[in-house]
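Structure first, then comments.
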Amino acid sequence: MSTNQNILVKLKEAGFRVNDKWLVKGVSLQVEKGKIVTLIGPNGSGKSTTAKIALGIYKKIDGEVEKYTDKVGYVPQKISIDWTLPLRVYDFMVLTENLKEEDINEALSLTGVIHLKNKNLGDLSGGEFQRVLLARAISKKPELLVLDEPVQGVDFTGEIALYELIKKISDELNCGILLISHDLHTVMSATDHVVCLNGHVCCSGTPIDVAKNNEYKALFGEQASQILSRYEHRHDHIHTSEGEIKKN
Amino acid sequence: MFDDFFIRALFAGIGIAFVTGPLGCFVVWRRLSYFGDTLAHSALLGVTLAYTLEFNIALSVFIISSLIALILIQLQKKTNLPGDALLGLLAHSSLAVGLVVIGFLTFIRFDIMGLLFGDILAVTVDDLLIIWIGGALILLILKLIWKPLFASTVNYELAEAEGLNPDRAKAIFTILMAAIIAISIKMVGLLLITGMLIIPAAMARNISSSPQKMVLYSIIGGLLSVGLGLFSSLEFNTASGPSIIAASLLLFVLSLLNIKQSIKLKN
């Protein structure tokens, strides 16, 4: 596995603690080119922490992180921007890398916010800002995308469109995506690998594997399990009528 | 041409304004005005050291200010005191120690007022060279670290995640702060240097819509303040530092009118 050229980032038994309190412990996972890995888990289960370990934001960690790319796009879950800065959407787009005008325009068009290009960042709504964040992350054509709840605050139709966009980007750029989401419905249809966290890895595998796992059922309930299964069925094109679950 | 003390002072001021413009923007953006104050207060210690050891003032101030910045970083790591308390502690204790040391140096006549508030008569051709060469170096280095420094000012984690090494940029910026204080102390005086950093940048914030514009307006504001301040200093025989700062305050007040107008337009 370690000789695999496609690996972008790999965590081995990684953990992070603050003052002897473990935020997350013993996480092993890897993100490969063209694959989407989704982290799920209840609040406080260490999803964002795991993402920050993978990104190298947390440095004093237990275990190991091997990162094989510097071309990273990151959409953080929370972002506080200080409005003592006069910052337009355009300035934010070129924050970490100088980009061609056409790349900026393309990314902003893809997430549907091209009309906001010269607006002050502080004047955007929550959903608009979220779209700009996603546009910024994809505009630099990264090899690794880390998306921490990338569609929070986005309207329902926008949400579906943005998830489709994320899937499309993963295919077109052949980039690896580490995705954190609460929205099991929309996410699971596109995910290659699911890691279910609860302070540690409670289970992981393909969506169907995870759905069958008893620990997952205990954590999320029977209904959530059915959601995952249904998407797996849709993949296999064998589901018949709505709501009906057939186990393979 | 540089025989005239006023021409020398004017050129020194212009050189300083070019550097305080962009640095001042970062001081405002990163909320470092008290940090700048602390470094400036510690400069007095640097000056006394320079006199005692017959050393170049700018270099000595630069070394002491950098040292104080290092001590601050260590104290932040090792104590539980809040940042502003540590800043106050270092600012006032280094100022006090500096003044006490002056008390011992009875064999040297000190122009305390000149040190605190700046003295245009004191600017020599050597000082001009230090200001222009040092200033050019500061601007060059700032340009090199602009991307990581600005990105981490907007959001530290984004800069770190996307591989920009914000910690290194921050450390270099701290050294640049010590350097600008070192080269401008004679002209503006140690009590007012932070004013020269903050007020033109604050004025620029009121009238700009992008970071680049804010830097540009901040430089222009600084240049106007220097010109206006020095001419009135000559005219009314006032200290150069306070005159320059008062001029920049005037520009700041004018920029407030712009805010009022834009608020009216919005409604």
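The values are calculated or read from the model by the stated rules, or taken from the named source; none is laboratory data. Because the structure is a prediction, the values reported are computed rather than measured. When we count neighbours, we look across all protein chains shown, and the Cβ atoms used for this are built from the backbone with ideal geometry, even at glycine.
So the values come out like this:
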quantity	calculated
Single residue of segment A:40-75 satisfying the filter (in contact (Cβ under 8 Å) with a residue 60 or more places away in the chain and aromatic (F, W, Y)) that is farthest from the other protein chains (Cβ to nearest Cβ)	A:Y68
Residue within segment B:153-160 that is away from every other protein chain (no Cβ under 12 Å) and more than 20 Å from A:A51 (Cα to Cα) present	no
Residue tally, condition modelled with pLDDT of 90 or more, in contact with a Leu (Cβ under 6 Å, 6 or more places away or on another chain) and more than 17 Å from A:G73 (Cβ to Cβ), over segment A:29-45	1
Among (1) within 14 Å of chain B (Cβ to nearest Cβ); (2) over 22 Å from B:E160 (Cα atoms); (3) at pLDDT 90 or above, the one test that A:V9 misses	(2)
Strands (runs of 3 or more DSSP E) contained in segment A:1-62 and holding at least 1 residues more than 19 Å from the chain's Cα centre (by Cα) and surrounded by fewer than 21 Cβ atoms within 10 Å (Cβ to Cβ)	A:7-18, A:21-32
Which numbered condition B:Q76 misses (of (1) in contact with a Gly (Cβ under 7 Å, 6 or more places away or on another chain); (2) touching a residue at least 12 places away in the same chain (Cβ under 8 Å); (3) within 25 Å of B:I172 (Cβ to Cβ))	(2)
Residues being in a strand (DSSP E or B) and more than 30 Å from B:K213 (Cα to Cα) - total across segment A:63-96	5
Of all residues in segment B:210-229 being touching an Asp or Glu at 6+ places or on another chain (Cβ under 9 Å) and free of Cβ contacts under 8 Å to residues at least 24 places away in the same chain, the one that is farthest from the other protein chains (Cβ to nearest Cβ)	B:Q212
Criterion violated by A:Y163 - all others in (1) surrounded by 21 or more Cβ atoms within 10 Å (Cβ to Cβ); (2) at pLDDT 90 or above; (3) not aliphatic (A, V, I, L, M) satisfied	(2)
Options B:T238, B:T194: the member that is more than 14 Å from every other protein chain (Cβ to nearest Cβ), among the hydroxyl-bearing types (S, T, Y), without any contact (Cβ under 8 Å) to a residue 12 or more places away in the chain and farther than 30 Å from A:V89 by Cα	B:T238
Selection count where residues are surrounded by 17 or more Cβ atoms within 10 Å (Cβ to Cβ), at pLDDT 95 or above and of a type in the set (V, I, T), scope segment B:198-225	4
Positions within segment A:97-148 being part of a helix (DSSP H, G or I) and of a type in the set (G, A, S), in sequence order	A:A107, A:S109, A:G122, A:G126, A:G127, A:A135, A:A137, A:S139
Hits in segment A:76-99 - residues which are at the interface with chain B (Cβ under 8 Å from one of its Cβ atoms) and of a type in the set (D, E, K, R)	A:D82, A:R88, A:D91, A:E97
Lone unmet requirement of (1) exposed (fewer than 12 other Cβ atoms within 10 Å of the Cβ); (2) at pLDDT 85 or above for B:G98	(1)
Residue in segment B:7-28 that is basic (K, R) and outside any helix (DSSP H, G or I) present	no
Top-ranked residue of segment B:66-105 - restricted to ones that are over 23 Å from the mean Cα position of the chain (by Cα) and of a type in the set (D, E, K, R), ranked as farthest from B:F35 (Cα to Cα)	B:K78
Failed condition for B:K143, given (1) at pLDDT below 95; (2) within 14 Å of chain A (Cβ to nearest Cβ)	(1)
